[in-house]
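Structure record follows, encoded as C-alpha cells.
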2 protein chains.
Amino acid sequence: MTPFERRTRRVQSRLTDSDADLLALSPGRSLYYLTGVDADPSDRLTLLLVPTEGDPTFVAPALEAERIAAATWVTDVRSWRDETGPAPVLDPLLADLSPARVLLADRMWAAVSLTLRERLPAASFGLASEVVTPIRRRKDEEELDALRAAAAAADATMRDVRSLGPDAVGRTEADLAEYIEERLESHGGTGIAFETIVAAGPNGADPHHTSGDRVIEAGDPVVLDFGTCVDGYVSDQTRTVVFDGDPPAAVEEVHSVVRKAQTAAVERVEPGVSTGAVDRAARSVIEAAGYGERFVHRTGHGAGLDVHEAPDVVAGGEVTLEPGMVFSVEPGIYLPDRFGVRIEDLVVVTADGAERLNRTDRGWRC
Amino acid sequence: MTPFERRTRRVQSRLTDSDADLLALSPGRSLYYLTGVDADPSDRLTLLLVPTEGDPTFVAPALEAERIAAATWVTDVRSWRDETGPAPVLDPLLADLSPARVLLADRMWAAVSLTLRERLPAASFGLASEVVTPIRRRKDEEELDALRAAAAAADATMRDVRSLGPDAVGRTEADLAEYIEERLESHGGTGIAFETIVAAGPNGADPHHTSGDRVIEAGDPVVLDFGTCVDGYVSDQTRTVVFDGDPPAAVEEVHSVVRKAQTAAVERVEPGVSTGAVDRAARSVIEAAGYGERFVHRTGHGAGLDVHEAPDVVAGGEVTLEPGMVFSVEPGIYLPDRFGVRIEDLVVVTADGAERLNRTDRGWRC
C-alpha cells in the first residue's frame, strides 16, 4: 500500500466516524496528500470523490486524465471531453453515491461547489479540513524524510551565508536574497517556499519586510528567514546575525532574550501539551524581560505541504500535541525604527519530546 | 471618478438588472478590477461586499486594512482582529444588507462561501461572473493602454530574438527562453504571464511543450510563444521562425496556410460578429488546405488581467463581439513527430473592425 493510499484509508475511517458520507476534493495540497496528483485548480472540472468505504473516483478532463492516472494509485479515473462537459460522467456518479452530507476541499472554487450543490439539492455541506486536518497534521515517515531533507538544504545554506562574514557587508538585502536562493537550489532544494526575507538594521523591525535596496552595514543585525521545498515539503527557519563588527548592546540583550524564549518553547514540546502552553513558554520569557508588547505575532505555525498549516502555535491554542506534528517555534522582538530579532526552527513532536529539524548555530556572531 | 469606481458603478447597474442584490468578492482579479486592491486569497477573511446601490464595503483583517484602504477608492474599510475573528464586523453588516440572492466570486474558497451561507441561511447564491464578465470583457481606455504597453514589450523582445538569426543555432530551448525573459524585463515588462514556450523542430508539434534541452538547429522551425505583464495586464503572441538556413518545403507550406488563416480570422473581427464566426474564418482556411484535423485547439481566448479570460473564440462560440473586447487569434497546425506552426496576435475589437496589438513580422525568415 502506498503512503497515499494509507492516508486515504485513514481519512475514510474519520469520514465514517463523522456525520458526512462523501469527501470532494479539487486540485490542491490535500488532493496531492491523498493521491500523489499535483495539479492546479482550473476552469476544467477535476474532482476526487472519496466515499466512506471502497475506492475513490477521479473525475478529470480528457486532456489531463492520462497524466493523472499515471501519477496515482487511484484506478477509477473517469474522463470527460470539452464537447460534452463533465455532466455525462459526474451526474451518474453522484446519483450512485447519493450523499447526504459532503465535505468540500476548503479552497474549492465557488464555481465548483455550486456545480455540486446544484446536482445535490438535498445534501448538506461542510469542509474537508474536518476529516483531513487531523490526519495531515501528524506527519508520516515519508513526510518526515522530506521535511528533514528540506531543513538540511536550508541549514547548509544558512552555513554558507554565515560564512560570508564581513564579505556580506556592502551587499544589498536583495542581492543577499538572490545568493540565498541560488544556494538553496545547489543544496538540493526546489524553488522557494515563501518570499525570502533579508531585513537589515531597522528593516528587521517589520516582521513582513522582504528584501530591498538597503545595504548591509557592519554592526547591523540582519534577520534571515527563508525556505525551500523537497518533494513538495517545505523548510522554514530564521536566524538573526551580525556579519561584521559588534552590534549595539541592546541588540545583544534582545537577541539573548529571544534565544532563551525559543529554547523554553522547544523544551515545552511533548505529546499531551497544548499549543497554547508552547506559546506561553516563549511569551513568558519575553514578557519577563519587559518586551511583551514587542512580540507581535504567534509563536509558530504548522508546516508540511503548506508553509502555513495546522497546528497554529498561538496564545490560548487548544490543540493537544501528538507525535508527528511539525511546526515552527519562532519568537521575535521588534523595536520600531531600531531593529528586530527572530529565531526560528521547525520541530517535530516525538514520542517523548521534540526533534529540531534545524540545527545551525542560533547565535548572532558569524 | 477613478476607473475602478467607474467599473464598480457599471457592475452595480448590472446587479440591479439581475435577480441578485449583493456581490461578494474575495481576493482575486475581479476584486482588483473593481477596487485596485491586489491581494492573495488567505485564511484571514477579506471580502468586498457590493450592494445594488450606494458604496461597497471592505471587510479586512487588521493586519491588511491600512494597506487596502491606501490602495482603493472604497472608503468604508472595516477591520477585524485575530482575537475576535471577523464575526463582530461581518454579522451586523450582513444583517444590515440582508440580501436575498448573493453572487460569489467564481474562485471564492469553500471555507469563505460556507461562512457566508451559514450567516445567510435564507439567501440563494450564484456566481459573480454573471454580472462582472460582461463588464470585464470590454476593456476601457486605461486597460487598453496597459495591454498596448505589454504588447509593445513583447514585440520589442520578439525583434531582439529574431535579430539573433544564426546566433540562436546551437543554443538550447531553455537557454533561449531565459534570454526572452530577460529581454521582456528590459523592455518594461514585469515577470512572465505564462510559462515561456520555445519549441524547436518536432517539439513544436506539442502545443503545450515548454522549453527543454533540445538544441536549435539550422532549418528548425521554432515556435516562440511568450508573455509579460504591464500594470497587471498581459501580453500573449506567437511567431514560428527559422533562425538560419531554409526549412523543408512542408514547413514553408504549412506556415503559409497558418498565416492566411490568422489573417482571415483577424479580418473577420468587427462588432456584431460572433466568436464562432471568427473561429470559422481561421478553421475553414486550414480545412481547405487539408489540415483540419491538425488544428487541435480553439482559435483564441480573451486576455486582460488573466491570460485566459472571456471571451473564448471557439467553434460554435455565441458571444457577439463588442468594441473593447480583447482576445488572441492563434490558429496552428501540428504534425506529430515532425513540427508545428502557430501564429498569434492579440486584437482589440474597434468601432468598425480590429486593431492588432502585436505588429512584428509574421513570416518565418529571421
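The values are calculated or read from the model by the stated rules, or taken from the named source; none is laboratory data. Quantities reported herein were computed from a predicted structural model and do not represent experimental measurements. Cβ placement follows ideal geometry from the backbone for every residue including glycine, while neighbour counts extend to all protein chains displayed. Each accessible area value is taken on the protein alone, full model and side chains, heavy atoms only, with ligands, DNA and RNA left out. Shrake-Rupley method; radii C 1.70, N 1.55, O 1.52, S 1.80 Å.
Mind listing whichever residues of region A:331-361 are within 16 Å of A:GLU293 (Cβ to Cβ) and among the β-branched types (Val, Ile, Thr)?
A:ILE333, A:VAL341
I'd like the full set of residues that are modelled with pLDDT of 95 or more and either touching a Ser or Thr at 6+ places or on another chain (Cβ under 9 Å) or open to solvent by 10 Å² or more (accessible area, probe 1.4 Å) (or both), limited to region A:296-305. Give the derivation first.
We begin by selecting, within region A:296-305, every residue modelled with pLDDT of 95 or more; these are A:299-305.
Once the filter is applied, which keeps residues that are modelled with pLDDT of 95 or more and either touching a Ser or Thr at 6+ places or on another chain (Cβ under 9 Å) or open to solvent by 10 Å² or more (accessible area, probe 1.4 Å) (or both), region A:296-305 yields A:THR299, A:GLY300, A:HIS301, A:GLY302, A:ALA303, A:LEU305.
Specify which of the listed residues (B:ARG7, B:ARG29, B:ARG78) is in the same structural domain as B:SER113 (by TED's automatic domain parsing), open to solvent by 70 Å² or more (accessible area, probe 1.4 Å) and touching a helix residue (DSSP H, G or I) at 6+ places or on another chain (Cβ under 6 Å).
Values: B:ARG7 fails: open to solvent by 70 Å² or more (accessible area, probe 1.4 Å); B:ARG29 fails: touching a helix residue (DSSP H, G or I) at 6+ places or on another chain (Cβ under 6 Å).
Being in the same structural domain as B:SER113 (by TED's automatic domain parsing), open to solvent by 70 Å² or more (accessible area, probe 1.4 Å) and touching a helix residue (DSSP H, G or I) at 6+ places or on another chain (Cβ under 6 Å) holds for just one of B:ARG7, B:ARG29, B:ARG78, which is B:ARG78.
Quick one: would you say A:VAL89 is in the same structural domain as A:ALA123 (by TED's automatic domain parsing) and either closer than 18 Å to A:MET1 by Cβ or out of contact with any strand residue (DSSP E or B) (no Cβ under 7 Å at 6 or more places or on another chain) (or both)? Full working, then the answer.
Values: in the same structural domain as A:ALA123 (by TED's automatic domain parsing): yes; either closer than 18 Å to A:MET1 by Cβ or out of contact with any strand residue (DSSP E or B) (no Cβ under 7 Å at 6 or more places or on another chain) (or both): no.
No.
Select from region A:117-138 the residues that are outside any helix (DSSP H, G or I) and within 15 Å of the chain's Cα centre (by Cα) and write down the one among them that is nearest to the other protein chains (Cβ to nearest Cβ). Explain how you work it out, then say what you get.
Taking region A:117-138 as the starting set, the residues that turn out to be outside any helix (DSSP H, G or I) are A:120-128, A:137-138.
If we keep only those that are within 15 Å of the chain's Cα centre (by Cα) as well, we get A:137-138.
On the way: A:ARG137: 15, A:ARG138: 20 Å.
Per the stated criteria, the residue is A:ARG137.
Against the condition open to solvent by 20 Å² or more (accessible area, probe 1.4 Å), outside any strand (DSSP E or B) and not charged (D, E, K, R), how does B:ALA310 come out, does it pass?
Numbers: open to solvent by 20 Å² or more (accessible area, probe 1.4 Å): yes; outside any strand (DSSP E or B): no; not charged (D, E, K, R): yes.
Taking the combined requirement at face value, the residue does not satisfy it.
Which condition number in (1) more than 13 Å from chain B (Cβ to nearest Cβ); (2) open to solvent by 60 Å² or more (accessible area, probe 1.4 Å) is the one that A:ARG107 fails?
Of (1) more than 13 Å from chain B (Cβ to nearest Cβ); (2) open to solvent by 60 Å² or more (accessible area, probe 1.4 Å), only one is false for A:ARG107: (1).
Is it the case that some residue within region B:144-154 is within 27 Å of B:ARG362 (Cβ to Cβ), assigned to a loop (DSSP other than H, G, I, E, B) and more than 14 Å from every other protein chain (Cβ to nearest Cβ)?
Here is the first cut: in region B:144-154, the residues within 27 Å of B:ARG362 (Cβ to Cβ) are B:144-154.
Filter once more, so that each one left must be assigned to a loop (DSSP other than H, G, I, E, B): none.
Within region B:144-154, not a single residue is within 27 Å of B:ARG362 (Cβ to Cβ), assigned to a loop (DSSP other than H, G, I, E, B) and more than 14 Å from every other protein chain (Cβ to nearest Cβ).
How many of the residues in region B:95-104 are buried (at least 19 other Cβ atoms within 10 Å of the Cβ), within 14 Å of chain A (Cβ to nearest Cβ) and more than 25 Å from the chain's Cα centre (by Cα)?
Final tally of qualifying residues: 1.
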